[in-house]
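Note sheet for the following structure.
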Amino acid sequence: MKKRSLKISLTNQIMIATVLGIFWGVSFPGLGDQMQLVGDFFLRLIQMSVVVLVMGSVIEAVGGLDPKELGGIGGKVFLWFTGSTLVAAIFGFLFALIFKPGAGLDQSLLQSTETALSTSSMEEVILNFVPLNIIQAMVEQNMIQVIIFSLFFGLALSLIKHEKKNQLFLDMISSFNNILIKMVSMIMKLAPIGIFGLVASLVEDTGIRVLGMLASFLLTLAAASLLFLFLWFLLTSLYCKVSLFRLIRNMWRLSVVSFTTTSSAVSLPFQIEDGKERFGISDRINKLVMPLGMTLNSNGLSLFLALAIVTVAQAYQIQLSWGDLLQVVLLSSLACLGTIVVPGGGLVTLATVLPMLGLPNESIALLAGIDWFSGMFRTLLNVDPDVTVALIVAHDEGELDHAVFNGEKASVKLAEKITDGV
């Protein structure tokens with residue numbers, strides 16, 4: 001009888017690597033630089049293709065649509081993204097006001113720090129959505145500018161395809177995207193090693209003590225994030241008439257990846273793959289909504305900002321009006337569109353918003369030490385709802401394969417992965 005080899009799935013490998021990274025960072029101090037190198041090397045391997053992957057995915061998705069369909073689908077996606085972001089911000093307000101995480105902070109922690117703050121006006125922020133030079137936007141990884149260019153490029157491609165009855169270039173873009181996704185899938189086999197290095201280095205640099213100082217903030221953020229996510233999943237399951245348990249089960253791998261890497265960019269290939277292979281979302285919807293959601297949907301960031309601003313105000317005993325709180329979410333959501341795809345983007349956005357409300361610049365130091373931990377929940381809320389919006393739009397368009405969603409029919413690709421124990 002042939003013995004069956006024991007294989008650990010990539011999801012479980014990542015979880016094990018996270019635990020081992022925490023243990024290593026606490027037990028073996030002094031190796032932070034080496035561990036950081038391992039983690040940074042992995043992130044660079046992933047991020048080196050993200051810009052062209054996003055550009056290609058959006059161009060393919062928009063270019064493949066009938067020009068008449070683009071407006072309807074785009075409108076639905078925009079409304080769902082906007083609605084979920086505002087609801088997430090309300091969750092941040094309510095949890096901050098109810099649990100008051102900033103009220104118990106020690107004033108001795110309020111030390112000054114030098115941080116580069118944005119001085120851009122609202123007009124400049126909006127104008128900067130459009131690139132002066134698409135090559136420069138790609139080099140700077142300004143994702144919102146890349147998205148804007150890709151949308152217009154895809155729309156032009158769709159019009160030409162419709163008028164000339166020729167989709168040769170569209171087929172070339174599709175083949176190029178498949179190569180990129182395959183490349184990223186190969187790199188992701190190194191994810192456990194990379195995540196181990198990132199976690200070990202972080203724990204050594206910050207120490208458990210920093211986590212303890214702001215445990216109240218982190219617990220409040222965790223509670224608000226998980227409750228929001230559960231209610232959003234419940235809404236999605238009712239709207240799409242699918243099993244809530246199955247929805248959570250299908251989302252598990254993507255949730256682990258986004259939570260541990262704290263990067264929407266790293267999670268994007270998993271979103272596109274799981275959208276088709278685990279949720280049964282059509283390629284047409286899948287390749288349009290996922291890349292757009294990575295840049296435009298900021299549920300986690302909105303919740304984090306609302307909670308963080310109120311926490312800082314409580315720590316400094318500064319009163320903020322409801323108008324101030326609403327303004328900070330609206331402005332920061334616009335200002336951070338190009339930065340939320342990378343770890344650490346939350347602090348950049350926080351530094352942009354604080355001066356608008358007259359809060360002390362040095363307050364950023366309060367959350368800097370635990371930004372990676374709070375980034376776990378931000379990314380989780382930024383990534384998972386992208387899939388649910390794609391699920392909702394696919395349901396509305398009649399392009400949701402319930403057999404695939406329920407695990408009754410798997411594609412050849414997914415069947416191979418299940419056989420390999422991935």
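Observations
- Accessible area (Å², 1.4 Å probe, nearest 10) - H162: 90 Å²
- Which listed pairs, of K161/K182; K161/K287; K7/K287; K76/K287; K164/K276; K76/K165, have C-alpha distances above 25 Å, in listed order: K161/K182; K7/K287; K164/K276; K76/K165
- Between F41 and N178, the FRET efficiency from the beta-carbon distance, with R0 = 22 Å, is close to 0.30.
- Region 238-322: trypsin sites (Lys or Arg not before Pro) in DSSP coil with no more than 16 other Cβ atoms inside 10 Å: K241
- With R₀ set to 45 Å, the beta-carbon distance separating Y239 from Y316 gives a calculated FRET efficiency near 0.60.
- Extension gain for I248-Q34 works out to 73.4 nm (0.36 nm per residue, less the C-alpha to C-alpha distance).
- Close amide-amide hydrogen proximity is noted between I281 and K276, D401, each under 5 Å apart and 5 or more residues distant or on a separate chain (H modeled in the peptide plane; Pro and chain starts excluded).
- Figure note: S264, S282 ranked by solvent-accessible area, largest first, 1.4 Å probe, ligands and nucleic acids not counted: S282, S264.
- Efficiency of FRET between D171 and I135 - r from beta-carbon atoms, R0 30 angstrom, step 0.05: 0.75
The values are calculated or read from the model by the stated rules, or taken from the named source; none is laboratory data. Note that the structure is a prediction, hence the values are computed from the model and not measured. Here the Cβ is made from the backbone with ideal geometry for all residues, glycine too, and neighbour counts use every protein chain on show. All accessible areas refer to the heavy atoms of the entire protein, side chains included, with ligands and DNA or RNA removed. Shrake-Rupley method; radii C 1.70, N 1.55, O 1.52, S 1.80 Å.
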